[in-house]
Amino acid sequence: MIRFETAGESHGEALIALISGLPAGIPVDLDFINRELWRRQQGFGRGGRMKIETDKAHILSGVRHAKTIGSPIAIQIVNRDWKNWEEKLPVEAGDASKHQAVTSPRPGHADLPGALKYNFPDARYVLERASARESTSRVAAGAVAKLLLRSLGIEVASHVIRVGRVALERAVTWEEIVAVTAKDEILLSCVDPVVEERMREEVAETSRSGDTVGGVFEVVVHGLPPGVGTYANWDERLDGLLAWAVMSLQAVKAVEIGRGVTAAESFGSSVHDAIYYGPENAEKLTRFTRHQNNAGGIEGGISNGEDVVVRGYLKPISTLRRPLESVRFDTREATAASYERSDICVVPAAGVAAEAMVAFIVAQQVMEKFGGDSALELRRNFDGYLDQIRKY
């Protein structure tokens with residue numbers, strides 16, 4: 001079973017991703033991993049922290065001569081901001097007078113419930129781990145999962161379909177999504193330049209008012225064959241696993257598979273994707289086809305051969321330059337919520353983090369179905385299955 005864990009704090013010395021269960025022989029492209037980390041840092045509306053950090057992956061173990069060797073992979077991403085926090089957050093006892101407390105919890109953040117849970121006198125340690133900075137480690141782990149999937153011809157990418165009140169209302173092709181992820185300058189990751197400019201204006205207006213803005217990103221898995229996931233057990237359904245993984249990201253408050261939200265207010269005759277049988281097509285893994293993909297590539301918890309489509313609904317960042325009302329931890333007096341350097345809009349970055357989570361779940365399920373201790377064995381099992389479904 002492929003799995004990963006992360007460690008590290010927002011202003012700590014480094015972030016760590018520990019990945020295990022990958023077969024030996026998967027090519028590891030460090031430039032690709034670093035570009036994924038770069039993509040997470042981009043976007044109009046990011047805060048000052050992204051001007052400090054230049055995230056780079058340092059692989060400590062599990063990769064030799066640019067290929068996995070079957071043992072756990074440890075990746076370190078150094079926090080350049082650590083030099084400003086070394087005396088404030090020392091590992092040793094240090095000087096208590098230099099501790100930078102978070103004295104009034106921010107509505108919408110983990111500050112208050114975290115402080116209550118762990119009996120902290122302030123929310124500093126809660127903030128440090130609950131911060132979305134943690135998703136950097138996830139992106140590094142997800143990039144490795146993407147490399148495994150790429151070896152099988154499966155790709156994962158994302159784009160933004162809503163920022164605040166501005167939404168992309170038209171259908172999008174896979175080629176458009178690939179093109180927007182390949183850009184050297186990332187604004188808001190919308191495939192339509194006109195809509196993206198309106199999104200930019202929405203973020204600029206929000207910034208001027210001292211507020212924050214959320215939105216919706218869409219992650220697409222392209223090239224996944226039918227039959228991944230199962231209906232047999234509730235905790236093995238592909239849609240459930242994807243929803244769980246994306247919902248685990250900071251600030252995500254809802255997850256949609258395909259057109260699930262629209263389907264809830266529609267009749268079945270307009271929602272379900274009619275099935276057709278077409279001529280053999282080298283680009284298709286099966287001759288069973290659909291003219292639409294409202295199901296988002298998953299039926300009954302199993303991939304059906306169409307693109308898997310997952311949307312994440314991101315709430316606005318909870319750190320506001322014009323803070324909401326709160327209460328001081330020490331005196332219990334009314335006050336304004338604490339302010340930490342923050343972003344205005346992180347929807348494109350959240351989409352990159354969601355790509356990582358989706359890629360990891362898909363890679364996990366691919367390994368569960370096809371297995372193999374080496375890339376060669378995995379590919380042989382995968383190709384044998386593709387031959388089976390083509391002949392069905």
Residue count for region 121-163, restricted to those that are among the hydroxyl-bearing types (Ser, Thr, Tyr), assigned to a loop (DSSP other than H, G, I, E, B) and in contact with a strand residue (DSSP E or B) (Cβ under 9 Å, 6 or more places away or on another chain): 1
Near pairs, Cβ below 8 angstrom, 6+ apart or cross-chain, from region 8-29 (free of Cβ contacts under 8 Å to residues at least 40 places away in the same chain) to any residue that is crowded, with 22+ Cβ neighbours inside 10 Å: none
Near pairs, Cβ below 7 angstrom, 6+ apart or cross-chain, from region 167-179 (farther than 9 Å from residue 192 by Cβ) to any residue that is among the acidic types (Asp, Glu): 174/307
Close pairs from region 190-218: first small (Gly, Ala, Ser), partner surrounded by fewer than 17 Cβ atoms within 10 Å (Cβ to Cβ) and not in a strand (DSSP E or B), Cβ under 8 Å, at least 6 apart: 209/322; 210/321; 210/322; 214/315
When residues of region 251-267 are limited to those that are within 19 Å of residue 347 (Cβ to Cβ) and exposed (fewer than 15 other Cβ atoms within 10 Å of the Cβ), the one modelled with the highest pLDDT: 253
Any hit, region 193-212, residues being in contact with a helix residue (DSSP H, G or I) (Cβ under 6 Å, 6 or more places away or on another chain) and of a type in the set (A, V, I, L, M): no
Top-ranked residue in region 220-266 [being assigned to a loop (DSSP other than H, G, I, E, B) and among the charged types (D, E, K, R); ranked as farthest from residue 126 (Cα to Cα)]: 265
Scope region 103-130; condition closer than 30 Å to residue 57 by Cα, buried (at least 20 other Cβ atoms within 10 Å of the Cβ) and in contact (Cβ under 8 Å) with a residue 40 or more places away in the chain; matching residues: 109, 111, 123, 127
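Quick grid of which residues meet (1) more than 20 Å from residue 134 (Cβ to Cβ); (2) in contact with a Phe, Trp or Tyr (Cβ under 6 Å, 6 or more places away or on another chain); (3) basic (Lys, Arg); (4) crowded, with 23+ Cβ neighbours inside 10 Å:
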| residue | (1), (2), (3), (4) |
| --- | --- |
| 293 | yes, no, no, no |
| 297 | yes, no, no, yes |
| 321 | yes, no, yes, no |
| 329 | yes, no, no, no |
| 340 | no, no, no, no |
| 351 | no, yes, no, yes |
| 365 | yes, no, no, no |
| 375 | yes, no, no, no |
Test: residue in region 294-303 that is β-branched (Val, Ile, Thr), part of a loop (DSSP other than H, G, I, E, B) and touching a residue at least 60 places away in the same chain (Cβ under 8 Å): no
Candidates 33, 75, 59, filtered to the one that is over 30 Å from residue 200 (Cβ atoms), among the β-branched types (Val, Ile, Thr), crowded, with 19+ Cβ neighbours inside 10 Å and modelled with pLDDT of 95 or more: 75
Total residues in region 18-60, condition more than 23 Å from residue 350 (Cα to Cα) and in contact with an Asp or Glu (Cβ under 7 Å, 6 or more places away or on another chain): 2
Members of region 373-392 found to be farther than 18 Å from residue 67 by Cα and aliphatic (A, V, I, L, M), listed by number: 386, 389
Condition check for residue 308: under 30 Å from residue 274 (Cβ atoms) and at pLDDT 95 or above: yes
Any hit, region 132-150, residues being modelled with pLDDT under 95, within 22 Å of residue 344 (Cα to Cα), polar (S, T, N, Q) and under 24 Å from the mean Cα position of the chain (by Cα): no
Within region 271-285, considering residues that are surrounded by 14 or more Cβ atoms within 10 Å (Cβ to Cβ) and of a type outside the set (Lys, Arg), the one nearest to residue 391 (Cα to Cα): 285
Failed condition for residue 173, given (1) surrounded by fewer than 15 Cβ atoms within 10 Å (Cβ to Cβ); (2) under 17 Å from the mean Cα position of the chain (by Cα): (2)
Residue within region 306-326 that is within 27 Å of residue 20 (Cα to Cα), assigned to a helix (DSSP H, G or I) and not polar (S, T, N, Q) present: no
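The values are calculated or read from the model by the stated rules, or taken from the named source; none is laboratory data. What you see is a predicted model; the values in this text were computed from it and never measured. So basically every Cβ, Gly included, is an ideal-geometry build from the backbone, and we count neighbours across all protein chains shown.
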